[in-house]
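The values are calculated or read from the model by the stated rules, or taken from the named source; none is laboratory data. Model, not experiment: these values are computed from the prediction. Positions of Cβ are backbone-derived with ideal geometry, glycine not excepted, and every protein chain shown enters the neighbour counts. For accessibility, only protein heavy atoms count, side chains too; no ligands or nucleic acids. Shrake-Rupley method; radii C 1.70, N 1.55, O 1.52, S 1.80 Å.
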Amino acid sequence: MQEYRPLRVALLGAGSVGSQVARLLIENKAELAARVGAELELIGVVVRDIDKAVKAGVPKQLLTTEAEDVIVSADIVIEVMGGIEPARTYILQALNSGSDVITANKALLATHGTELFDAAEQVGAQLYFEAAVAGAIPIIRPLRESLAGDKVNRIMGIVNGSTNYILDRMDTEGLSLEAAMAEATELGYLEADPSLDVEGYDAAQKAAILASLAFHTEVPLDKVYREGITKITAAQMEAAKRDGYVIKILAIAERIPANGGEAGVAVRVHPVLIDRKHPLGAVRGAFNAVFVEAEAAGELMFYGAGAGGVQTASAVLGDLVSAAKRHVAGGPGLADSVHANLPVLPIDRVHTRYQVTLEVTDQPGVLAKIANTFSAGNVSIETVEQSVRQDGGKRSKTATLEVGTHSATDAELSAVVKALAASESVESITSVIRVEGI
């Protein structure tokens, strides 16, 4: 068998992920060559700060601040620098020169994915992005290839390890949100701008990518409904535990049947109550998990480390081996299918269950009024729990009502909440949270 020429690899970025990619490429050079059938030659590492990259362990002779020369000389370009620009410009330059590209850049894919995939298809190149969602967990390739002949109906995922760590600490140790966030910051889990994690922006980007793959439909980031965890309290955590639930923030993408309206898909990110016995309910710490429901394959669970330099580097190298094998075998890259063109529907169309917690006046007939408000809004009540606080040994003038509903649309529940807020019997609405996984 004739030996294939060495494949030239350019690396853009040498941070926590990039430095690990460079190390593994150098240390495992012989083993990778045996797997691929060709030597993988790291020809350059593009960085902003050479001294910083040297301290991270990248050989100085590989480092450069000039991207263009390295990009146009490469067969495969790995982008792990993050951000929108100059990453977008560099990737387009690489694709237009015929290079395959591997990226871990979820923000870029969520906002400019269509442009990048179109550029790859025009020249027969391939864009790989396993590391962009859920770190080391292999979820992109199963959706892109293994389940391509199946019909995925729903995906629920814990796709941000930082927020899962925070919520897990609140659940297991009774910490406040602020204390759990301080721990996550000290451990280096939170982004420099923590709102990217705790307000759900990071998870929304990943949800858009997963939904586009699962439903073969372009899902713009601005069509993803998003709520963060900043309103979750220790009291909510304790109530959830008492009822056999745990609070998680999930990325959910699902098919919505017509039911008198337009059929399509809905994509959302928000906190949920989920049964502690559900596989996602048991995901602890900074780990990620993606739960897939497919028509033929049934229920599938993907679980593992969702972040970390070496873990993400593992996913990058998996893509690198795939890209290199394609070069050795020959042939054009495979285009991603977004031809289903399903409409992306608003969260109003989503059906789920809810738990609504109210502070109400402790008077006769109040419970009946509350029940009538739900009924008038076409939302059926499943459970009601009432408790009255003691204030200095005396019965409080208000009671707490915890109302669990049967499945209803988000639009119906929102209308009920608006009516409750206007009711003279309701002092405040302390919590409205969706219930999933039942």
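Treating r as the C-beta distance of A258 and A282 and R0 as 41 Å, the FRET efficiency rounds to 0.75. Assuming a ≥ b ≥ c are the square roots of the Cα gyration tensor eigenvalues, decide whether segment 395-438 counts as rounded (a/c under 1.5), prolate (otherwise, with a/b larger than b/c) or oblate. Because a/c hits 1.5 or more and a/b fails to exceed b/c, segment 395-438 counts as oblate.
Suppose the chain between K29 and D150 were pulled fully straight at 0.36 nm per residue; how much longer would it get relative to their current alpha carbon spacing?
Details: separation 121, 0.36 × 121 = 43.56 nm, distance 3.68 nm.
Taking 0.36 nm per residue and subtracting the Cα distance, the gain is 39.9 nm.
Distance from the Cα centre of segment 204-268 to that of segment 83-128, in angstrom? Result: 27 Å between the Cα centres. For segment 1-61, the list of GluC sites (Glu not before Pro) that fall in a loop by DSSP and count at most 15 other C-beta atoms within 10 angstrom reads E3.
Sorting the segments 203-216, 278-291 by their residues' average number of neighbouring beta-carbon atoms within 10 angstrom, most packed first, yields 203-216, 278-291. Does segment 72-127 classify as rounded, prolate or oblate by the C-alpha gyration tensor (a ≥ b ≥ c root eigenvalues; a/c under 1.5 gives rounded; else a/b over b/c gives prolate, otherwise oblate)? Note, shape of segment 72-127 comes out oblate.
Go ahead and collect, in residue order, the members of segment 99-140 whose backbone nitrogen is under 12 Å from a label point 7 Å along the Cα-Cβ direction of F302. Within reach of a label on F302: 129-140.
Nearest 0.05, what FRET efficiency do V321 and A421 give at R0 = 56 Å with Cβ-Cβ as r? Mind showing how you got there, number by number?
Details: r = 56 Å, r/R0 = 0.99.
So, using R0 = 56 Å, E works out to roughly 0.50.
Distances between placed amide hydrogens fall under 5 Å for R226 paired with V269, all partners being 5 or more residues away or on another chain. Residues whose amide H comes within less than 5 Å of that of I256, counting only those at least five positions distant or on another chain, are G264, V265, A266 (H built at 1.01 Å from N in the peptide plane).
Between helix 366-376 and the chain there is an angle of about 50 degrees, using the helix long axis and the longest principal axis of the Cα atoms. To the nearest 10 degrees, how steep is helix 177-186 against the longest Cα principal axis of the chain, on a 0 to 90 scale? Here the helix axis deviates by roughly 20 degrees. Since only L62, N28, T172 are under comparison, the one whose Cα sits farthest along the positive direction of the charge dipole of the chain, derived from C-beta charges on Lys, Arg, Asp and Glu, is T172.
State in Å² the accessible area per residue of segment 241-355; use a 1.4 Å probe, count heavy atoms of protein chains only, and round to the nearest integer.
42
Comparing G157, S212, Y201 along the charge dipole axis of segment 110-228, the residue lying farthest to the positive side is S212, per the Cβ-charge model.
Over all other residues within a Cβ to Cβ distance under 10 Å of R5, the charged ones net out to -3, with Lys and Arg as +1 and Asp and Glu as -1. Angle, helix 87-96 long axis vs. longest principal axis of the chain, Cα atoms, 0 to 90°, nearest 10? Approximately 50 degrees, to the nearest ten.
How charged is the neighbourhood of H327? Take every other residue with its Cβ under 14 Å from the Cβ of H327, and add Lys/Arg as +1 and Asp/Glu as -1. With Lys, Arg at +1 and Asp, Glu at -1, the net is -1.
From the cross-link list K60/K106; K231/K418; K231/K397; K248/K277; K369/K418; K223/K277, which pairs have alpha carbons spaced over 22 Å apart? Mind dumping the intermediate values first?
Working: K60/K106 28 Å; K231/K418 19 Å; K231/K397 26 Å; K248/K277 13 Å; K369/K418 14 Å; K223/K277 31 Å.
Over 22 Å Cα-Cα: K60/K106; K231/K397; K223/K277.
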